[in-house]
Every structure is written in C-alpha cells, then in structure tokens.
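> Let me begin by handing over the structure; questions about it come next.
The values are calculated or read from the model by the stated rules, or taken from the named source; none is laboratory data. Since the model is a prediction, treat every value here as computed from it, not as a measurement. Neighbour counts run over all protein chains shown; Cβ positions are idealised from the backbone, glycine included.
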C-alpha cells in the first residue's frame, strides 16, 4: 500500500509541469525572458512561477457521488462507503487532472494546427483579477470491504498536486508574454495577488456505519483518517506592488545604457527547502481526516433509496514542514540591470536590495478544507439526478493554506450494474459554465467535467479529464443499510420473525 514513493511524487510533479507547459507555454519557457533588457520579467516570472505551482476543484466530476463509485467515495464523503453495491471494490489506478484560467481562450482548431502561437493567436480577456489554476489527483491501489449490511471499511493511497495564480492584473500577463525590445518601458501595477504550490501523498483508512435504520429511513456516518507526506510547499503574497521599468534608465561611462527598475509595495513569500532546491523529497508530515453523514429515504422497505442527502467536510488537517521559512520584504527601491546580473537568484536579490521586515520558520500548511453538499434523486431504477456543491472553509486571508474553488454541478445519469453514463453540468469559480460527459463500463471509467462545453466553444478556458481501472466484486443480496437476516425486506428491529422470511404485511413472519 505504500506506493507513493519519492519516484511517484516526482512523476506527479513532472506531469503537472508538462500539462502546464502545454496550456501556458510562455510562462514556463525561460527563453522568453530577456535578462539584459527584461529584469522586470525575470523578477515577476520567478515570483509567478512559485505562485503558479492553491486552487482546487473537485476531481472525477460526475463519477463521485455515484451509486457505483465504490472506494472513490472516500474522496468526497466517507459515509457513502456504507450501503454500497460492492462486496469488495479494488481500485488499481486512476488519474484526474484539470487546468483552467480566465485570461487565455483557446480554439481547438488552432491548438491542433502546426503554427499556433498562444501569445499571438489566443483570445485574451484581461481583468483586474485574472486567475490560472490546476490540479492533479491520483488514487492509487485502494480497496473497499463491505463487512456486513451495517459496516464498511476502506484502505486507500493517494497523490495530489495543486497550483494556481490569483488576483493578477491582466496587463501583467500581457507584459510577461510580450517580447522586449531595446527601447520599451513597462509599468506593472498589482493590488493584492497570491498563490501557493503544494504536492503531497496520503495513506488512509476509512470506516462507515449505519447509525440509524428503519424500513424507510437510514442515517449513516463515516470518517477517514490520513497520514500525509509533504514533498513541496511554496507560496507568495503581494500587497500594492508596482514595478516601473525604464529601458534607458542609467547611462554608463562608456555611453551605453542599462535599464533600471523602480518598485514599491510589499512581498511575502514562503517555501520549504525542497521547493527552493527543486529536490522533491519528503520533508513534511502531518495528519488529516474527513467526516461525513448520509440520510436516505425510501418509498418501500425492499428498495434502494429514492432520495439521498449527503454532507461532509474533507481535508481537515495540516502538513508540518520543519525546514521552511517565510520572509516579508518592503521592495521600495531603485535597482539596475547590473544589480540583477550580480546576484544569484531571487533570494539573494531580495536580501541584497530590499528591506526585510520580518522572517519566521514555516511550521504548518493547512489542507484545502472543503464543505460538500450532495443530493441524489432516483426517478426510476436506472435514472438519477445528482446535485453537488463544494465550498472552501479556508479564509482567503490565510497565506500558507490551500483553498478550494466553489463548484456546483447538476448531473443526470443512467446506471446499471455494469454500465453507467452521466453528464455533469455546472458552474466553476473563475471558469463559468461547464458541461461534461463520462461513463463506466465494468472495470473501466473515463470522463470529463467540461468536454462537451469545450467542443461547443471557440474560446476554451478550462479542460479536465479522468480515467481509471478497478476490480468490482458485487454483493449477492443488497438491503439498503439494514440488518435483515432473513432477506425479506423487513429490518430485524421490526421483524417479528427475523430468521424466517415473511411478508411485510405480517410483520416479516410467514403466514399460517
């Protein structure tokens, strides 16, 4: 079960970087930075790279909160592990990833073309609060056991990486992706911007139990306990930052000119040692837990639910990075290109030319604690409608913390024992309307929360997808969250003859 080794984590981070390069190549291509006439780009590029490597959106859209989600229910509400149709559900491996923004809009035909240039060809929608975000979520070898009609247990392994860049002025993006010439001056103004990167793995155990059962009403509860291994953590916050670049700022004795930059404002950044050195080894540890409850209502005691309501809170906890540091600088100063050239990296530049106002060790990074609300309604034995909403419970004022994006979806689905098809339709914070499609066919599941809307648009700002394989072993006789020894559809607590089947009209006893 301890599959999330150093190698796995490096692969997760590398995959995330590769995906981001595909979507936003100018931001991750060092070649666009002109060090001789573009120190403003250099400073902002490094800062933005840190921040772009907090936003999180729900993984496996449409597949979670599904009757046949099985062990995947640990990701959103552990209480749903009870009353599952599986005796055993084994997840071999699954992957979910997304990337989005509200600045660049891409066209599929252009993306597939040979000469597409994102900087020149993409549709841009600058604002005072542009955002870039992404997420990779790997559920590794995991297993769900149904102990009996009242108890279920799950063991799971998971790897996660988040990134985002928030509250950025669209003109800043434009300046970062515009080639410098020898005589170009630039001014960048930012009120408040922030970001955080984090990569970690989880090894956990989850338990769910029926807390209360009658023939028509059932209440279940569940909890997941997680041991966390942190691999990289970095964050940045800017307050009233302005940068003015003058291409001809200083005339040297030989009559050559060198650019100068005048800056004001305050920047706070923090990082673990592995993040700064790109050495993604385990340096953080911690514990987290998820907790949830599910209420089910049935119209007949022998049937599965007609209406299901779920409430859960996930990712309660922290990661402790003992080797991290946080520094705050007043960046009011004027420096030249030679000052940039004579320093080794951003840390030395800040220490040399700006005023450090505070410094402290990083102790704890807060997980993206999220509230999940879910409603599932059954129209027929195979047609359902699901409503799900996710809300962050982490304050925006907290720097060293990850925050979820608000996300609400309505998902109609058709499901049977071996096949399901579903289509999530929803609104995602910073990306607007999204429409997806997914299916499950025996051991295979694959889908996207935005593929339909992406195919319909000429201005694509969000894409996601997931896929996985599992081994499902079904229960022979499933009675919803009840203790019904004789299998006659009447709960033991209401059955006059709990070991001998009989009709409900005769209190579960055979008629004479």
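> For segment 271-296: of the residues being modelled with pLDDT under 85 and part of a strand (DSSP E or B), which is farthest from residue 328 (Cα to Cα)?
284
> Report yes if residue 346 is surrounded by 14 or more Cβ atoms within 10 Å (Cβ to Cβ), outside the structural domain of residue 61 (by TED's automatic domain parsing) and not in a strand (DSSP E or B), otherwise no.
The answer is no for residue 346.
> Restricting to segment 302-343, what's the tally of residues that are under 29 Å from the mean Cα position of the chain (by Cα) and in a loop (DSSP other than H, G, I, E, B)?
Residues in segment 302-343 being under 29 Å from the mean Cα position of the chain (by Cα) and in a loop (DSSP other than H, G, I, E, B): 0 in total.
> Another one. Among the candidates 371, 387, which residue alone is surrounded by 15 or more Cβ atoms within 10 Å (Cβ to Cβ), closer than 22 Å to residue 428 by Cβ and at pLDDT 90 or above?
387
> OK, next. Restricting attention to segment 393-410, and to residues there that are crowded, with 22+ Cβ neighbours inside 10 Å and within 12 Å of the chain's Cα centre (by Cα), which single residue is modelled with the highest pLDDT?
By that ranking, first place goes to 407.
> Only strands (runs of 3 or more DSSP E) wholly contained in segment 365-465 count here; list those with 1 or more residues that are touching a helix residue (DSSP H, G or I) at 6+ places or on another chain (Cβ under 6 Å).
Passing ranges, in order: 432-435, 437-441.
> For the list (1) touching a strand residue (DSSP E or B) at 6+ places or on another chain (Cβ under 8 Å); (2) closer than 30 Å to residue 161 by Cα, I need the number of the one condition that residue 335 fails.
With respect to (1) touching a strand residue (DSSP E or B) at 6+ places or on another chain (Cβ under 8 Å); (2) closer than 30 Å to residue 161 by Cα, residue 335 is out only on (2).
> Modelled with pLDDT of 75 or more, more than 30 Å from residue 79 (Cα to Cα) and over 26 Å from the mean Cα position of the chain (by Cα): does that describe residue 196?
Considered against the rule, which asks whether it is modelled with pLDDT of 75 or more, more than 30 Å from residue 79 (Cα to Cα) and over 26 Å from the mean Cα position of the chain (by Cα), residue 196 comes out as no.
> Next question. Go through (1) modelled with pLDDT under 80; (2) in contact with a helix residue (DSSP H, G or I) (Cβ under 8 Å, 6 or more places away or on another chain); (3) under 30 Å from residue 464 (Cβ atoms) for residue 171 and report which single condition fails.
Condition (2) is where residue 171 drops out.
> Could you list, in sequence order, the residues of segment 486-512 that are modelled with pLDDT under 70 and either in contact with a strand residue (DSSP E or B) (Cβ under 6 Å, 6 or more places away or on another chain) or surrounded by 15 or more Cβ atoms within 10 Å (Cβ to Cβ) (or both)?
If the condition is that a residue be modelled with pLDDT under 70 and either in contact with a strand residue (DSSP E or B) (Cβ under 6 Å, 6 or more places away or on another chain) or surrounded by 15 or more Cβ atoms within 10 Å (Cβ to Cβ) (or both), then 489, 491, 492, 494 are the ones that fit.
> If I filter segment 137-168 down to residues being at pLDDT 90 or above and touching a helix residue (DSSP H, G or I) at 6+ places or on another chain (Cβ under 6 Å), which single residue comes out as farthest from residue 432 (Cα to Cα)?
152
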